[in-house]
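The values are calculated or read from the model by the stated rules, or taken from the named source; none is laboratory data. As the structure is a prediction and not an experimental result, all values here were calculated from the model. Please note: Cβ atoms are built from the backbone with ideal geometry, for glycine as well, and neighbour counts cover all protein chains shown.
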Amino acid sequence: MGKRYSTLRNYSRVFFYVFPTLILGLYLLMSFAPKIDPKAENYKKFQGVFRGFRILIVLVLAGIYVATLLYALGTPLSIGKVSIFTIGLMLIFVGNYFGKVRHNYTFGIKTPWTLANEEVWNRTHRVSGPLWVIAGLIWIFSIFFSEKVAFIIDMTSLGLAVVYGFIYSYWLFNKLKKQ
């Protein structure tokens, strides 16, 4: 009994101290990233979007943390469905504002071709944004399926959005290079 209690106590310390510290650390890291990015001046062009994303990522992680805490205290809820729903909201936000994200090395769709050419960056983000919004909506509506089925649907939708952006940026870069 004593050893089990000690183990549970150690896990609760991790839960109560480490996870909130990680969330705060991520927020601070994201606050610092524009200062060291080689394209730091471009952050001024989309600082509202980036600030909103920093806040949203903290809210998403805090929401998952609170849901986990409630579950641990006996509230009958699905951590998987809460996570899927909140990540879906985040994907919708990101996709909705992709067109406003300017060329940088920290935030956005970073392929060799988007990083090499600002026009490829801008057009890839404008084309990919709606796909990320659709993927986010799919994630949100997938909470009505079992978690295993939702996982497959969600990863497929996000994977297709990511792969499309990757292929599109490659295609567009080569098209522009030939002109």
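State whether the residues of segment 42-54 include one that is more than 30 Å from SER157 (Cβ to Cβ), touching a Lys or Arg at 6+ places or on another chain (Cβ under 9 Å) and modelled with pLDDT under 90.
Pass one, segment 42-54, residues more than 30 Å from SER157 (Cβ to Cβ): 44.
The next check asks that each one be touching a Lys or Arg at 6+ places or on another chain (Cβ under 9 Å); those that pass are 44.
If we keep only those that are modelled with pLDDT under 90 as well, we get 44.
Yes.
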Scanning segment 132-147 residue by residue, those surrounded by 21 or more Cβ atoms within 10 Å (Cβ to Cβ) and not aromatic (Phe, Trp, Tyr) turn out to be ALA135, GLY136, SER142
Filtering helices (runs of 4 or more DSSP H) wholly in segment 79-179 for at least 2 residues that are of a type outside the set (Ser, Thr, Tyr) and farther than 27 Å from LEU28 by Cα gives 112-116, 118-141, 147-178
With the first residue restricted to segment 101-130 and required to be of a type in the set (Val, Ile, Thr), and the second required to be assigned to a helix (DSSP H, G or I) and surrounded by fewer than 14 Cβ atoms within 10 Å (Cβ to Cβ), Cβ contacts under 8 Å at 6 or more apart or on different chains are VAL120/LEU176
The condition from (1) of a type in the set (Val, Ile, Thr); (2) more than 14 Å from SER157 (Cα to Cα); (3) buried (at least 21 other Cβ atoms within 10 Å of the Cβ) that ILE79 misses is numbered (3)
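Evaluate the following for TYR43: is it of a type in the set (Ser, Thr, Tyr), assigned to a helix (DSSP H, G or I) and touching a residue at least 60 places away in the same chain (Cβ under 8 Å)? Don't jump to the end; show me each part of the working.
On the way: of a type in the set (Ser, Thr, Tyr): yes; assigned to a helix (DSSP H, G or I): yes; touching a residue at least 60 places away in the same chain (Cβ under 8 Å): yes.
Yes; evaluated as a whole, the condition is true for this residue.
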